[in-house]
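These notes are about the structure you will find just below.
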Amino acid sequence: MTSTTAYGDEDPPPAVVERRVIGHSVTGRPIRVWRLGEPGRRRVVMISTMHGNEPHTRQILTSLRDRRPIRGIDLGVIPTYNPDGLARHSRRHARGVDLNRNYPNDWVDLDGNYESGPRPASEPETGAVMGFLRRIDPARVINFHQPLNGVDTDTKDPRFARRLARALWPPQTRLDCGGLCHGTMTGWFNARFEGSALTVEYAARPARQRMTAEAPRQLLRVLGATRGPG
């Protein structure tokens with residue numbers, strides 16, 4: 001993220017350093033990244049609502065965005081990865097593709113609820129996030145989902161995953177899709193970048209207090225970050 005987007009007549013929340021549109025959905029809805037924290041620190045990205053029927057973890061990222069400034073990390077948050085799916089309350093996007101099966105790592109042609117698209121990275125949402133992650137090359141990516149309630153330790157950095165599970169309280173688990181997980185964002189990132197990506201799953205209906213207050217505080221603590229003065 002190298003250029004600041006003006007807010008016009010709006011004042012940005014105090015934690016926001018920069019806001020960018022990194023791409024658009026199939027129907028033209030913007031995919032926004034909000035940069036928080038301190039530029040030059042270790043880069044972390046958090047992503048939510050990759051599946052449109054998993055909306056509650058957006059509250060974690062909007063809470064991080066909308067409150068006091070963050071110190072100690074350079075944090076990018078994408079609260080709504082799949083705006084078309086969110087509008088339809090659908091796991092898949094407007095063309096019926098599961099965006100977490102559309103990445104070019106171990107991609108296969110899947111149908112039904114896990115429809116993987118006509119080819120790897122065929123969807124504009126996938127291309128937007130791939131391009132963004134290539135540009136900033138973060139040290140960590142945390143991808144929030146529902147409703148399986150666990151932190152995936154079957155990942156590139158299981159030690160950090162265990163620390164995160166202890167901090168956030170979901171149990172440690174192995175999200176292995178009953179075998180190999182095809183075409184996932186975390187799999188693609190872990191195979192191609194020096195940093196590590198993992199999945200955090202919350203339950204189907206987590207308490208609002210947990211999403212807006214407890215989880216943001218726990219995430220900052222485990223990442224070595226704090227809230228600073230406005």
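The values are calculated or read from the model by the stated rules, or taken from the named source; none is laboratory data. Keep in mind that this is a model prediction, so the values were computed, not measured. Using ideal geometry, Cβ is built from the backbone for each residue, glycine included, and neighbour counts are taken over all protein chains shown. Quick note on the areas: whole protein, heavy atoms, side chains included, nothing else; ligands and nucleic acids left out. Shrake-Rupley method; radii C 1.70, N 1.55, O 1.52, S 1.80 Å.
Inside region 11-56, residues that are assigned to a strand (DSSP E or B), within 26 Å of Gly117 (Cα to Cα) and touching an Asp or Glu at 6+ places or on another chain (Cβ under 9 Å) make up a count of 4.
Entry remark, region 173-216: residues being free of Cβ contacts under 8 Å to residues at least 12 places away in the same chain and under 17 Å from the mean Cα position of the chain (by Cα) number 0 in total. If you go through region 172-219 and pick out every residue that is in a loop (DSSP other than H, G, I, E, B), farther than 17 Å from Phe132 by Cα, touching a strand residue (DSSP E or B) at 6+ places or on another chain (Cβ under 8 Å) and of a type outside the set (D, E, K, R), you end up with 2.
Considering region 79-93, and only residues there that are in contact with a Lys or Arg (Cβ under 7 Å, 6 or more places away or on another chain) and part of a loop (DSSP other than H, G, I, E, B), the residue that is nearest to Val16 (Cα to Cα) turns out to be Pro79. Beta carbons closer than 9 Å, at least 6 apart along the sequence or on distinct chains, pair a first residue in region 73-95 that is among the acidic types (Asp, Glu) with a second that is in a helix (DSSP H, G or I) for Asp74/Ile136; Asp84/Glu125. Looking only at region 64-78, which residues are of a type outside the set (Asp, Glu), open to solvent by 10 Å² or more (accessible area, probe 1.4 Å) and part of a helix (DSSP H, G or I)? Matches in region 64-78: Arg65 only.
Picking from residues in region 165-211 that are of a type in the set (Asp, Glu) and more than 26 Å from Thr62 (Cα to Cα), the one that is least open to solvent (accessible area, probe 1.4 Å) is Asp176. Is it the case, given these coordinates, that Gly150 is modelled with pLDDT of 95 or more, open to solvent by less than 40 Å² (accessible area, probe 1.4 Å) and either farther than 24 Å from Tyr202 by Cβ or of a type in the set (A, V, I, L, M) (or both)? Against the criterion (modelled with pLDDT of 95 or more, open to solvent by less than 40 Å² (accessible area, probe 1.4 Å) and either farther than 24 Å from Tyr202 by Cβ or of a type in the set (A, V, I, L, M) (or both)), Gly150 does not qualify. Remark: pairs (first residue in region 1-28, over 28 Å from Ala94 (Cβ atoms) and open to solvent by less than 40 Å² (accessible area, probe 1.4 Å); second residue at pLDDT 80 or above and in a loop (DSSP other than H, G, I, E, B); Cβ separation under 7 Å; 6+ apart in sequence or on different chains) = Ala15/Arg67; Ala15/Arg68; Ala15/Pro69.
Scanning region 110-139 for residues that are part of a helix (DSSP H, G or I) and not aliphatic (A, V, I, L, M) yields Gly112, Asn113, Tyr114, Pro124, Glu125, Thr126, Gly127, Gly131, Phe132, Arg134, Arg135. Taking region 100-109 as the range and being touching a residue at least 40 places away in the same chain (Cβ under 8 Å), open to solvent by 40 Å² or more (accessible area, probe 1.4 Å) and either out of contact with any Phe, Trp or Tyr (no Cβ under 7 Å at 6 or more places or on another chain) or not in a loop (DSSP other than H, G, I, E, B) (or both) as the test, the residues that pass are Asp106, Trp107, Val108.
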